[in-house]
1. Starting from the exponent 0.38 and prefactor 2.2 Å, build the expected Rg for the stretch 23-82 from its residue count and divide its actual Cα Rg by it.
2. Taking 0.36 nm per residue of separation and subtracting the Cα-Cα distance, what length does fully extending A172 through T94 add?
3. Kindly state, to the nearest 0.05, the FRET efficiency for Q147 paired with F126, given R0 = 30 Å and r defined as their beta-carbon distance.
Amino acid sequence: MSFVGDFIGDTIGGITGAKQQGKAAERAAQIQAGASDQAIAEQRRQFDTLIELMSPYVTSGNQAIGQQGALIGLGGQQAQQDAISQLEQSPMFTSLLRQGENAMLQNASATGGLRGGNTQSALMQFRPDLLAQVINDQYSKLGGLTQIGQASAAGQASAGMQNASNIGALLADRGAALAGGQLAKGSVARNTFGDVLGLLNVGAKAASAGMF
């Protein structure tokens, strides 16, 4: 009688403990999944911050490469002419032109050649030479911005790939945690069902033997 009672008591205690174990496993899985969710959110936040920080450089690079293309005629003749005219009318060009012409006239005046043919020829040649120099200088400066934009875009792409890889790993960990929790819960349920069947079997045998 004592043996049967002890067995029944132990079995009931085991069933209760198994249920608690199953709930604990499920809670642990939820905690681990929640940690993965937080890590994913932080990964995305950091990536969004990086994109925001690099965005001005990428934008400047895109604008610069467009202007480079216009200067060398990739956008058509009209776009090229507009780009050159814009440079020719810029404060930088007009200032350099005025300073250069004044210097040439002052030098010619000092040497007595103000009305000479050489001075007039030099003045006529100075403007197109200066414009060509300004165009080349502008193209070079735009090239620096283009390189910065390219490097920033490459950095964004690399960060995006790394971010996707990290989030993929975190999602896998999250799925594994939840799956593990469900498997543990299912295993506990199966064991509990077996204990119940054993308890019923023992009870039936005890009853048939007149122990109750």
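No lab work stands behind these numbers, since they all come straight from the coordinates. Everything numeric in this text was worked out from a predicted model, so none of it was measured. No Cβ is skipped: glycine too gets one built from the backbone with ideal geometry, and neighbour counts run over all protein chains shown.
1. Cα Rg divided by the expected 2.2 N^0.38 Å: 2.30.
2. 21.8 nm
3. About 0.40, to the nearest 0.05.
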